[in-house]
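Taking it in order: structure first as structure tokens, then the write-up.
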Amino acid sequence: MNNDVHTLTGAYVLDALSEMERRAFEDHMAGCPACHQEVAELRETTARLGTATAIAPPPQLWNKVHAAIGNVRQIPPLSVDEPASLRTRRRTSRVAVFAAAAGIVAAVGLGVGWVVTNNDLQDRLAQSQTELSQIQCALNAPDAKVSTGTVQGGGLATAVVSARQNCMVMLLKDAPKLPGTSVYQLWYVRAPGQQTSAGILAASNGAIPASDLTPAKGAVALAITIEPAGGSPTPSEKIVSTIQLA
Amino acid sequence: MRERAQRSREPGGPRPATLDELLPRVARGDEAAFEQLYRHLSAPVFGLVQRILRDPAQSEEVAQEVFLELWRSATRYSPERGSVLSWAMTIAHRKSVDRVRSAQASTDRDTRAARAENARPFDEVTEVVAGRMEREQVRRCLGTLTELQRESVMLAYYQGYTYREVAHLLDSPLGTVKTRLRDGLIRLRDCMGVTA
């Protein structure tokens with residue numbers, strides 16, 4: 001866990017980060033179960049700060065709300081057999097959406113995603129640009145090295161690593177459908193039993209970018225496992241793909 | 001309904017069971033359940049929105065947006081990610097802050113400085129509130145924070161400032177403010193006995 005990023009949990013739940021920082025933190029959180037837990041707890045805490053300000057709204061507010069919901073369709077729930085990406089986190093689905101748009105991989109589930117705010121589309125575009133720049137970092141690097149590995153049960157994992165640009169992207173294509181809310185988690189492997197999480201992807205197609213290779217130092221391979229929603233601190237399941245780094 | 005609300009008004013557990021019961025019904029499009037949900041959440045949501053925005057007309061507008069969002073996305077609420085109350089208050093805070101920031105984007109530095117000067121004293125927030133046990137607990141727990149932690153948390157949460165703005169107002173390094181925000185919230189969490 002990157003301690004510096006991790007200290008942002010407080011500012012994150014207080015909505016005190018800039019857009020870019022917020023996205024960077026959400027990217028970090030996607031591979032950090034401890035951050036998830038802390039964010040959930042701190043949100044319960046700030047909710048109490050919020051309820052302490054309780055004050056009765058003007059009576060006409062209900063009339064307006066009531067009239068308005070008559071014109072607002074509820075977004076559909078996530079059905080059980082949709083890719084897990086859509087039920088876990090915006091980031092992962094955004095990665096998938098972006099990757100398809102960028103023409104790098106044929107991502108499934110294009111156009112389906114979390115609809116959270118009115119600004120969501122704008123949000124997603126900006127996010128996509130962040131992801132795009134992260135992926136381009138590796139793809140455009142003059143020293144980019146491409147390594148591949150097959151995925152157990154079908155599919156291909158491709159890693160593009162640039163030491164000079166200090167970034168990497170792992171692209172997953174046509175991997176087996178994930179059970180339930182599980183995710184694919186990518187690991188930097190230094191030696192057997194010595195892994196550091198490199199991010200998660202909750203879809204069979206998509207990308208995991210890394211904009212800093214510091215945690216990859218000394219890694220000889222990348223490994224992919226299937227983990228419960230949010231990822232695991234250490235690999236809990238068997239490895240479904242290994243990419244040897246030259 | 002009134003009885004239920006009162007019975008569950010115990011310290012540490014403001015009506016959780018009731019909201020938990022209502023939410024799945026709201027997700028199925030039950031407008032009567034939504035009205036009950038509104039009765040439970042309207043005061044906390046409106047209070048927070050108005051606390052941040054001040055302007056009554058804007059507060060009403062944003063509170064309405066919050067409830068429409070709760071209605072719209074009730075289908076996607078997942079108890080694993082937190083309580084209904086926390087979900088609702090997160091949306092309320094976010095929407096209020098979005099409103100502050102979008103207004104802010106169109107103002108210049110001078111206006112922003114003027115706004116900072118108009119900020120109410122830090123402990124005034126606890127004076128305007130309506131709430132009983134929760135308010136007492138919040139007041140008591142805020143009292144366990146160091147002054148700098150308390151100031152940082154309150155400026156960020158109740159004024160909707162970014163941590164950079166908080167750092168500027170308190171004339172402190174960014175890293176210090178980041179740490180204070182987190183440490184302050186952790187201390188509050190422990191004081192309130194919050195679990196997730």
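Derivation of every value follows stated rules applied to the coordinates shown; laboratory data play no part. Just so we're clear, the structure is a prediction, and the values are computed from it rather than from any experiment. Every residue, glycine as well, gets a Cβ built from its backbone with ideal geometry; the counts of neighbours run over all protein chains shown.
Ranked by how many other Cβ atoms sit within 10 Å of their own Cβ, fewest first, the residues A:H6, A:H36 fall in the order A:H6, A:H36.
Of all lysines in the structure, those lying under 29 Å Cα to Cα from A:K64, and not within fewer than 8 positions of it along the same chain, are B:K95. All other residues whose Cβ lies under 14 angstrom from that of A:G155 are scored, Lys and Arg at +1 and Asp and Glu at -1, for a net of +1. Per-residue Karplus couplings for the range B:147-156, computed as 6.51 cos²θ - 1.76 cosθ + 1.60 with θ equal to phi - 60°, are listed in order as 4, 5, 5, 5, 4, 5, 4, 5, 5, 6 Hz, Gly and Pro entered as x.
Residues whose amide H falls under 5 Å from that of A:A221, counting only those 5 or more places apart or on a different chain, are A:V189, A:L245, with hydrogens built in the peptide plane.
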